[in-house]
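Heads up: the structure comes next, in structure tokens.
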Amino acid sequence: MADDSRSDRTGDERPQAFAMLDEGNDAATRLEAVEALGNPSSSMAGDERRIADRLFRVVFTDEDATVRAAAIDALYFHGDRYIEELVSRVAAAVRRRDGGDVGPDAVFVRWLTSGHAAYRMVGATGLGAGVASETRGASSAADSPDTTDVSTVTNRLREAFEDDDDRVRARAVRSYATRGGEVIDPVRPLLRAPNPLVRRAAVDALVSIATPEATGLLATAAGDGGDRLRKTVAERLYELDRPESVSILIDAVGDPSLPVRRAAAASLARLAAEGDAVRGRDVCERLLTDRPLWSDDGGIARLLYEVAMTDRPDRVTAATQRHAMWLCGELLERADALDRPAVAWLLDALGHDDPSVADIAAAYLPRLDAPDLEREVRALAGDPDGDSDARERARSVLRRLKRETAASAADRSIEYVYVRRPADYTEKHAE
């Protein structure tokens, strides 16, 4: 295996940076190397794991605090997962070193007072991580060899809400909620922070706190905050499995901002899919009751259709898409009047990549009271250029439409003749 201190090819920056980290070099040289590893060029992209391991080594062994802090920043550049790994490694090292006499909490609390923002960031993260909290739930130092009790931890984290580094503030407020902090007044200013990381973290904290006061503050933010804050609340509120969430999100569906409305529709569908305290049927009934949600562009039904049809799986789960299509179908079935675009939504969904979404759309199509429905379905069923699965589902819908039309005619004692063209009826009765 080639030595990391030498390069076999021109322009290979990783070995050069690794060589500069040698303990024989001065701190300025090592700092330059760490910064290079935190901002790698494309030639280093395939070595991320090796780079991370070398940076971890720097964090734990370099004699200069500034170099160690820069290594933490470099790890942060490569992704949050490395900061979480660092927290785990620090906690494990503390336990090995102190044999349980001093828990990780004490170390992370101390790091919160560091002059280096990178250390404070790790401290704030560590206090919210499971590995950091051997004293979680303890009310006094006597409950654990770690003398850092829960109230001390939450107080230190609250102080970090005013840190001048946004990464520290965001991680501190999340950890505050994780560690049982329930006083919401310190969280309130963070909802209007300029940095989106901090705003999202404040919303996440309120969702985790989940007290009536926290829920009320979320409702206020969803109604009176700026566009970005309202959107953030709408995006995250599905995690708060409470009936109040449905009310807040339904109000958000009528927001003046389209991105907020879309976020609220997706969150409603996800709450219906994943909630325990909130059932999908409860969400459906509320939507059916709120007729003002209907608008010329289809209102909530159109938004739910867009959720079901999104090509962004990173934002919407499969269960969310299925529930969005179900809710859309329920609303369309009960609409006072439907135009062609509404029918086209379900027709488009017949070719969805998720067979369950497509089957739900197929189940609702025959239940729509829409003009020219059969003609539209027939056109799709016979389209040679259409998706084969969509054509097959369209044929199934067409068969159901025929059966239902025949059954309805029989109930009225009227002879039913399927009419493909006007001459069909004339020829039938000319026999």
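Of the three principal axes defined by the Cα atoms of region 215-273, the extents in descending order read 26, 22, 15 Å.
Find out how many positive minus negative residues lie around Val260, taking Lys and Arg as positive, Asp and Glu as negative, among other residues whose Cβ is under 11 Å from that of Val260. Walk me through the numbers on the way to the answer.
Working: positive: Arg228, Arg230, Lys231, Arg261, Arg262; negative: Asp227, Glu235, Asp251, Asp255.
The answer is +1.
The solvent-accessible area of Glu330, taken with every protein chain present and a 1.4 Å probe, is close to 10 Å². Computed over Cα pairs, the Kirkwood radius of region 203-308 leads via Stokes-Einstein (1.002 mPa s, 20 °C) to a diffusion coefficient of 160 µm² per second. In this view, the solvent-accessible surface of Glu48, computed with a 1.4 Å probe and all protein chains in place, comes to about 50 Å².
Projecting label points 7 angstrom from Cα along Cα→Cβ for Asp282 and Asp53 puts them 5.0 nm apart.
In this structure Ser208 has an accessible area near 80 Å², from a 1.4 Å probe over the protein heavy atoms. Rounded if a/c is under 1.5, else prolate if a/b is larger than b/c, else oblate: which is region 143-218, with a ≥ b ≥ c the root eigenvalues of its Cα gyration tensor? Because a/c hits 1.5 or more and a/b fails to exceed b/c, region 143-218 counts as oblate. Accessible area per residue (1.4 Å probe, heavy atoms of protein chains only) ranks Thr310, Thr66 as Thr66, Thr310, with the largest value leading.
Stretched out straight at 0.36 nm per residue, the stretch from Ala319 to Arg81 would grow longer than its current Cα-Cα span by 83.0 nm. Note on Glu213 and Glu274: with the Förster distance fixed at 25 Å, the Cβ-Cβ geometry gives a FRET efficiency of about 0.55.
The values are calculated or read from the model by the stated rules, or taken from the named source; none is laboratory data. The shown structure was predicted, so the numbers you read here are calculated from the model rather than taken from an experiment. So basically every Cβ, Gly included, is an ideal-geometry build from the backbone, and we count neighbours across all protein chains shown. The area values use the complete protein model at the heavy-atom level, side chains included, leaving out ligands, DNA and RNA. Shrake-Rupley method; radii C 1.70, N 1.55, O 1.52, S 1.80 Å.
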